[in-house]
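Some notes on the structure that comes next.
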Amino acid sequence: MEPDNITSPLVQMFMGARGAEYPTSANRERTFLGIVMKWGKAWGFVKIEDPTAVVKTIKVKPGGRYVEDWEYQAFWQWLGDRGHVMHQCAMEISYLCAARQQDVLALTRADIQEDGLLIVQAKTGKAQLKLWSTALKEAVDLAVVTNTEAQIQPPPYHSQPRWPRLHPHRVQCYLAKGTTSSASCWGNQTALSLSRFEDQSG
């Protein structure tokens, strides 16, 4: 099919068929088609206007559920029993700062401030300073101390002027069914990416 033959009714039919089973995917593919059509129009590859403009997206109910305290503690203990200390730190930081997983895994040591932890939201670009609490300070300090792979262990963050970057590790810790997928601190994901403090200065 030629791009100029794509009409709004065809896009609507696609949304109905695709969206019946995969509404989120249908919405994303509609958006992508719109971007391609606008690009083609700007560069003269298509003559018609964007056929997706009049097609509405499908309303998708938010997923997830509230994670009970006992579930959070159970999974926290499960990680500790298996030596996944950095998972514990990332989980605790995400919970205490109400931060998305990707924002926690993207932290750099430069984000460790005197007054708190600087969280930059990848989705909005906004930066928020999360003031130190006892629990947050302990989680960050533990993450730094657990940095056993660095050639030189850093001093306490109050006297450290420059911090290497915090990187995600490829290892994943899959959650058993019924345990916390943590809608409150990890979204709807069923896997946690192991993160670690890695010294890149050398």
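Coordinate-derived values only; no laboratory data. These figures come from a predicted structure and were not determined experimentally. Virtual Cβ from ideal backbone geometry, glycine too; neighbours counted across all protein chains shown.
Table for the structure above
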item	result
Among (1) surrounded by 14 or more Cβ atoms within 10 Å (Cβ to Cβ); (2) in contact with a Lys or Arg (Cβ under 7 Å, 6 or more places away or on another chain), the one test that Ser25 misses	(1)
Residues of segment 13-28 satisfying the condition of being over 16 Å from Pro62 (Cα atoms) and either free of Cβ contacts under 8 Å to residues at least 12 places away in the same chain or assigned to a loop (DSSP other than H, G, I, E, B) (or both)	Met13, Gly16, Ala17, Arg18, Ala20
